[in-house]
Each structure stands twice: as structure tokens, then as C-alpha cells.
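Q: Take this structure, written in C-alpha cells, and hold onto it; I'll ask about it next.
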Amino acid sequence: MGNDDEIITFCSSQFSRIVRESRMKLVFILVVCFHISDAKLRFASYYGDHMVLQKSPESAVLWGYGPKGVVITVYLSGPTQQQRSAEAAKDGIWRVSLDPVEAGGPYSVTATCESSTATLTDVLFGDIWLCGGQSNMAFQTSRIFNSLEELNLAAKYPDVRPFMVARDWSGTELTDILGVNLPWSVPSSEVVAKFSAVCWLFGRYLHDTLKYPIGLIDSCWGGTPVEAWSSSRALQQCGLDYNDELRRPYPSNKNSVLWNAMIHPLVKMTIKGAIWYQGESNANYHQDKYNCSFPAMIDDWRMAFHRGSGGNTAADFPFGFVQLSTYIKYSTDDSFPNIRWHQTADFGFAPNLRMQKTFMAVAMDLPDETSKGDAIHPREKKAVAYRLTLGARAVAYNETDVLFQGPFPSQILSTATYINITYDQTLSVSPSTDTFEVCCSQIQAPCGPGSVWVAAPVGRWNPDSVQLSISNLCSSAEEVMAIRYAWKDWPCSFKACPVYSASGILPAPPFIINRYAAPTTWKHSRLIL
């Protein structure tokens, strides 16, 4: 927390919230508010022993609270030594930026002033990744397939350090987080069991490649829409009302409340990048806005972390996300396919012109009909994390020889009897009768979910192309106005979609492509015509 006005606002809002929710938290809140207003020297709530600070070339930021107007000196002790000083401002907040530090450790970080001292021990320098979203990001490692095998590996990765922000919400932007669910920890089977599986696996796979420390910050909440994680600035970019009450009675779903309490407090920290797994809650809430609200949230997070860290976090830090998996088998509802498309800002792939320096893990081929709870939470998180890691290696770490995108059409040609789709890479193809569909229309206009779509079977294929049989599907070949692929909630069985990369690891993402002008040419932003 910061100045007295903010303390008063926080305490009064929490008291009102307790009365409103009839929860027994009054004593706790009074203690917290007393502690916040105390002038004793301390670090911000999300700094602690065993933590990871961002390594070079970025500069790590340290901040906390102390007596107003007093000079705070911070000492870094370990493989290298540093000393930095800053005066605690009128609101009692001090902050320093260290000179860039190479990956490694351990270090001790000590903040001192004339009246007190605060020390962090066993601090490492590496890359910090923020993991956000809803329940599929919160999905614990103890619940995934082969969880015991994974948990038994945890202690072998002492340099991958997890931290979990406590779930909470606020009507105003907070300076510091309200609580910690898991403090910075050296991994053990017990620690990793209750930590986000996607976040942990992503960090572990990155460490296998990078061979230096990785810090993982888990800040997520199940059943929440993107609007809750977006600032009022981002919402306004998409014509969304900050005071929208449509998601009641759950206060965690109101616009901006999780941004205020669980993301904004982190912006002073230097981070390497973020990964995100969310979208299910927007399948029935502002679905048509997601192609704006999600990219706008990414842009706003980047701006806020860059400014909040004093320019130390990159203004275009890499942002990875998981395209939605599956929910209801045999469903004819277009909600999940529409959100998958909107997750890419309607390009079908990432990065793209609207979402630069992003990367995407396709997950529609990982259904789990018998998942405990329900099928919206597939247990195959290893494939998700591995696909995200490939994207991070290519986009965040500039590994030019890493294939991280599934095949996408580069050219589409049609005749009276077939449509030939050429892809941008070598393929692994299997037969399919209904995963590809064509739209039949006598009107030369874009087709959408409400149009008439007919399954187009795969007739034959070549190393880089797929041929669809369209004889008798429409009245004439000229009536084929669009093609779409995997446009279903549950488009294929486990790891058995029709089109993958040559290795069989990366599934082709879903697409919808319309033909406008000539009968043998098709238009899409990534097509070569």
C-alpha cells in the first residue's frame, strides 16, 4: 500500500466488503491496515526469500515501504556486489533499479535505513514469467495426467521458483497485492502439487533449454472473463463500460477488479514475459468483443509494466497464450470456435499484424471426456506447456530454427470437383470426412457461423497440400464462398486432428477463409494468391 488516502480507501472498502459478504475477516483486515500504515522498513509483499529477480540485459527493480523522507540503501551481496540508495517518498514508498545482473546466484538483498533492516536471502537472477488466466491456468499439477511422475521431478529443478498471488479483487487499482497464496519457494513435490500445471511445466521446459533460473508468478482465478483482468483504459478501447454489472453476483467477474488487485500491483517489477490461458468465460459474455478486448488487454499490460518498472520491462514483452481446448462433445454451438478465432484477433495465427510478439499453443486436439469435474478442464497440460515453450523459444528467445506454429494455408485453388489447399509447411495428414467444411451461397459475400456449411471430405493429400472433394456439395463450384477447418467445439479426438506439422507435434489451427472476387482465388491476410 502507499499513501494515507489509499490506506483509508482500502480499509473502508474491505470493511464494506466483509459486511456485504458476511465473512469473518474483520480482525484480519484491521491487522493488515495497521501493518500497512506502520512506517517500518520492508519490501513489497511479493518480494521474499528464494525469489527470482530479472536478469540482464534488463535491470531488476526492488521496492518497498519505509519512514517518509528517509534514505534507504539496498545492498546486493553474492557473486557480484552492488549498492543503491533511494529516499522514501511522501507515501513511504522507496524503489531502486539495480545494474543488470547475469543469471545465477544465490544472492542476499538487504535494505537498510537509520532505524531498521530488511533482508531477502537465497535470491536468484533469471527470467520472470507471469502466468495469468482462469481455471485452466489455475489447474494444479497434482491433477494432470501422470502427476506423480511430474511431482517426483520437482526437486530436480531447484532453480525454477514458483510464487502465487492470493485471489482477491478491488474496485480501485492497488499498489501492492493483498495476499500471498504461495511465497517464493524452492520446488518440492508438495509445493508443485498445488501450483499451476501449465505455469510450472512451461518454466521447467524453459529451464531445460536455457539452463538458468526461471521465476514463475501465478496470478489467476477460475471462471473469470478477460474484462476482469483489463484496466478501464483497455476496456474503453473496445467500447466496454467500466461499470458493467452484468457478471454479478460474482464480484471477481466485474470489470477491472482483478486487474486492480492481482495485476496492477505487480507492474513495478521487471518481468521477461507472460503466458495466458483464458477465454472460456467469454464464450457467453461479450464473445463478439474478444477480438478487441484480448489484444487490447495485452497492449495495456505491456504499457503498464513498461512504465511501472521505469522502462526496465520491455514495452513489447513476449506474450504467449493457449487457444481454447474443448468442452462439449457433439456440440453444434459456435461459441468456442468463435473465441478461438477471436483469440488471434481474427487472423487465425500468432504472431500477426495486430498481435505482434505473441505466440499461441493450439489445444483443440487435447479433449478429455473423463476429466474430473468436467471436460472443460483437460488433464493433458504437458502438451500445452511444451507447445507454449516452443513459441517462447522462437519469439522471446529468438531461436530461428524452432518450429512453433502449426500449418496454415498459403494458397487455395478451386475447380468444379475439388478444392486444393496448399500449406506453408510440410504436413502430416490423416483422412477426415467432416473436419473441413465449405459454405454454399449464391451471394458473393463473406460466410459466417449462421451460413449453410457442408462437410467436405479429404480426398487426397501431398506433402504440403490437402485436396477436398466438393462434387455435389453445392449446386455449382461457383457457389463455394468459404472454407473453414475444425470449426467445432470438439473438432477431433485426442491428438488426432487431420492436419499437423510434419513431426506430428503441432496441430494446424482452425481457420475460416472467404472467397470474394474471382471464382478461383481466395483472400486472407496470410494467403499468397
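The values are calculated or read from the model by the stated rules, or taken from the named source; none is laboratory data. As the structure is a prediction and not an experimental result, all values here were calculated from the model. A quick note on method: Cβ atoms are made from the backbone with ideal geometry, for glycine too, and the neighbour counts reach across all protein chains shown. Surface accessibility is based on the protein's heavy atoms, side chains included, excluding ligands, DNA and RNA. Shrake-Rupley method; radii C 1.70, N 1.55, O 1.52, S 1.80 Å.
Q: Residue under question is ASN181, and the condition is that it be within 21 Å of the chain's Cα centre (by Cα), open to solvent by 60 Å² or more (accessible area, probe 1.4 Å) and either outside the structural domain of SER77 (by the TED database) or over 22 Å from ILE271 (Cα atoms) (or both); does it hold?
A: Working: within 21 Å of the chain's Cα centre (by Cα): yes; open to solvent by 60 Å² or more (accessible area, probe 1.4 Å): yes; either outside the structural domain of SER77 (by the TED database) or over 22 Å from ILE271 (Cα atoms) (or both): yes.
Yes: the conditions hold for ASN181.
Q: Now, a different point. Tell me yes or no: at least one residue of the range 202-219 is among the hydrophobic types (A, V, I, L, M, F, W, C), under 25 Å from SER56 (Cβ atoms) and open to solvent by 10 Å² or more (accessible area, probe 1.4 Å).
A: Yes, there is a match, as at least one residue in the range 202-219 is among the hydrophobic types (A, V, I, L, M, F, W, C), under 25 Å from SER56 (Cβ atoms) and open to solvent by 10 Å² or more (accessible area, probe 1.4 Å).
Q: Going by the conditions given, is GLY215 touching a Lys or Arg at 6+ places or on another chain (Cβ under 6 Å) and either assigned to a helix (DSSP H, G or I) or touching a residue at least 24 places away in the same chain (Cβ under 8 Å) (or both)? Show your work before the answer.
A: Working: touching a Lys or Arg at 6+ places or on another chain (Cβ under 6 Å): yes; either assigned to a helix (DSSP H, G or I) or touching a residue at least 24 places away in the same chain (Cβ under 8 Å) (or both): yes.
Yes; evaluated as a whole, the condition is true for this residue.
Q: A further question follows. Take the range 322-344 and flag every residue that is farther than 18 Å from GLY391 by Cα and small (Gly, Ala, Ser).
A: Answer for the range 322-344, where residues must be farther than 18 Å from GLY391 by Cα and small (Gly, Ala, Ser): SER331, SER335.
Q: Filter the range 425-471 down to residues that are touching a helix residue (DSSP H, G or I) at 6+ places or on another chain (Cβ under 9 Å), assigned to a loop (DSSP other than H, G, I, E, B) and open to solvent by less than 40 Å² (accessible area, probe 1.4 Å) and give me whichever is farthest from ILE412 (Cα to Cα).
A: SER441
Q: Scan the range 477-503 for residues that are open to solvent by 40 Å² or more (accessible area, probe 1.4 Å) and free of Cβ contacts under 8 Å to residues at least 60 places away in the same chain and jot them down.
A: Applying the first criterion (open to solvent by 40 Å² or more (accessible area, probe 1.4 Å)) to the range 477-503 yields 478, 488, 493-496, 502-503.
Selection gives GLU478 alone.
Q: Another one. Within the range 84-168, which strands (runs of 3 or more DSSP E) (wholly inside it) include 3 or more residues that are at negative phi and aliphatic (A, V, I, L, M)? Quick ask: steps written out before the conclusion?
A: Values: elements: 93-97, 104-112, 117-133, 160-165.
Because the criterion is at least 3 residues that are at negative phi and aliphatic (A, V, I, L, M), the strands (runs of 3 or more DSSP E) in the range 84-168 that meet it are 117-133, 160-165.
Q: Determine the pairs where a residue that is in the same structural domain as TRP259 (by the TED database) and farther than 15 Å from CYS220 by Cα, located within the range 275-303, has a partner that is surrounded by fewer than 24 Cβ atoms within 10 Å (Cβ to Cβ) and of a type in the set (Asp, Glu) with Cβ atoms under 7 Å apart, the partner being 6 or more residues away or on another chain.
A: Cβ pairs passing all conditions: ASN291/ASP346; ARG302/ASP316.
Q: Could you list, in sequence order, the residues of the range 139-178 that are crowded, with 21+ Cβ neighbours inside 10 Å and small (Gly, Ala, Ser)?
A: Scanning the range 139-178 gives ALA154, SER170.
Q: Taking the options ASP208, ASP244, name whichever one is at pLDDT below 95 and either out of contact with any strand residue (DSSP E or B) (no Cβ under 6 Å at 6 or more places or on another chain) or assigned to a loop (DSSP other than H, G, I, E, B) (or both). Quick ask: steps written out before the conclusion?
A: Working: ASP208 fails: at pLDDT below 95.
The conditions single out ASP244.
Q: Moving on to the next point. Within the range 412-447, work out how many residues are charged (D, E, K, R) and touching a Gly at 6+ places or on another chain (Cβ under 9 Å).
A: Filtering the range 412-447 down to residues charged (D, E, K, R) leaves 424, 434, 437.
Filter once more, keeping what is touching a Gly at 6+ places or on another chain (Cβ under 9 Å): none.
The number of residues fulfilling the criteria is 0.
Q: Return the total of residues in the range 307-332 being in contact with a Phe, Trp or Tyr (Cβ under 8 Å, 6 or more places away or on another chain) and either of a type outside the set (D, E, K, R) or surrounded by 19 or more Cβ atoms within 10 Å (Cβ to Cβ) (or both). Steps first, please.
A: Start the filter on the range 307-332 by keeping residues that are in contact with a Phe, Trp or Tyr (Cβ under 8 Å, 6 or more places away or on another chain), which leaves 313, 317-322, 324, 326-331.
From what is left, the residues that are either of a type outside the set (D, E, K, R) or surrounded by 19 or more Cβ atoms within 10 Å (Cβ to Cβ) (or both) are 313, 317-322, 324, 326-328, 330-331.
Qualifying residue count for the region: 13.
Q: For the range 110-137: of the residues being more than 26 Å from SER309 (Cα to Cα) and at pLDDT 95 or above, which is surrounded by the most Cβ atoms within 10 Å (Cβ to Cβ)?
A: Looking only at the range 110-137, we keep the residues that are more than 26 Å from SER309 (Cα to Cα), and these are 114-115, 135-136.
Right, trim to at pLDDT 95 or above and you get 135-136.
Working: SER135: 18, ASN136: 24.
Filtering the range 110-137 for residues that are more than 26 Å from SER309 (Cα to Cα) and at pLDDT 95 or above, the one surrounded by the most Cβ atoms within 10 Å (Cβ to Cβ) comes out as ASN136.
Q: Look at ALA304 and say whether it is assigned to a loop (DSSP other than H, G, I, E, B), within 17 Å of the chain's Cα centre (by Cα) and either of a type in the set (Ser, Thr, Tyr) or farther than 20 Å from ILE512 by Cα (or both). Give the derivation first.
A: Numbers: assigned to a loop (DSSP other than H, G, I, E, B): no; within 17 Å of the chain's Cα centre (by Cα): yes; either of a type in the set (Ser, Thr, Tyr) or farther than 20 Å from ILE512 by Cα (or both): yes.
No; evaluated as a whole, the condition is false for this residue.
Q: Find the residue count for the range 410-450, including only residues that are under 23 Å from CYS492 (Cβ atoms) and in contact with a strand residue (DSSP E or B) (Cβ under 7 Å, 6 or more places away or on another chain). Reasoning before the result, please.
A: The initial filter retains those residues of the range 410-450 that are under 23 Å from CYS492 (Cβ atoms), namely 410, 412, 418-439, 447-449.
The next check asks that each one be in contact with a strand residue (DSSP E or B) (Cβ under 7 Å, 6 or more places away or on another chain); those that pass are 410, 412, 418-425, 427-429, 431-439, 447.
Qualifying residue count for the region: 23.
Q: Test TYR397 against the stated conditions and say whether it is of a type in the set (Phe, Trp, Tyr), in a helix (DSSP H, G or I), farther than 20 Å from ALA456 by Cβ and out of contact with any Gly (no Cβ under 7 Å at 6 or more places or on another chain).
A: Details: of a type in the set (Phe, Trp, Tyr): yes; in a helix (DSSP H, G or I): no; farther than 20 Å from ALA456 by Cβ: yes; out of contact with any Gly (no Cβ under 7 Å at 6 or more places or on another chain): yes.
No; evaluated as a whole, the condition is false for this residue.
Q: Sticking with this structure for a sec: Under 7 Å between Cβ atoms, which residue pairs at least 6 apart in sequence (or on different chains) link something in the range 162-178 that is more than 20 Å from VAL123 (Cα to Cα) with a partner that is surrounded by fewer than 19 Cβ atoms within 10 Å (Cβ to Cβ) and β-branched (Val, Ile, Thr)?
A: Once the first residue is more than 20 Å from VAL123 (Cα to Cα) and sits in the range 162-178, its partners that are surrounded by fewer than 19 Cβ atoms within 10 Å (Cβ to Cβ) and β-branched (Val, Ile, Thr) give ALA166/VAL180; THR172/THR9.
Q: With the requirement that a residue be open to solvent by 30 Å² or more (accessible area, probe 1.4 Å), more than 15 Å from SER56 (Cα to Cα) and without any contact (Cβ under 8 Å) to a residue 40 or more places away in the chain, what does the range 70-109 give you?
A: Of everything in the range 70-109, those that are open to solvent by 30 Å² or more (accessible area, probe 1.4 Å), more than 15 Å from SER56 (Cα to Cα) and without any contact (Cβ under 8 Å) to a residue 40 or more places away in the chain turn out to be TYR75, SER77, GLN83, ARG84, SER85, GLU87, ALA89, PRO106, SER108.
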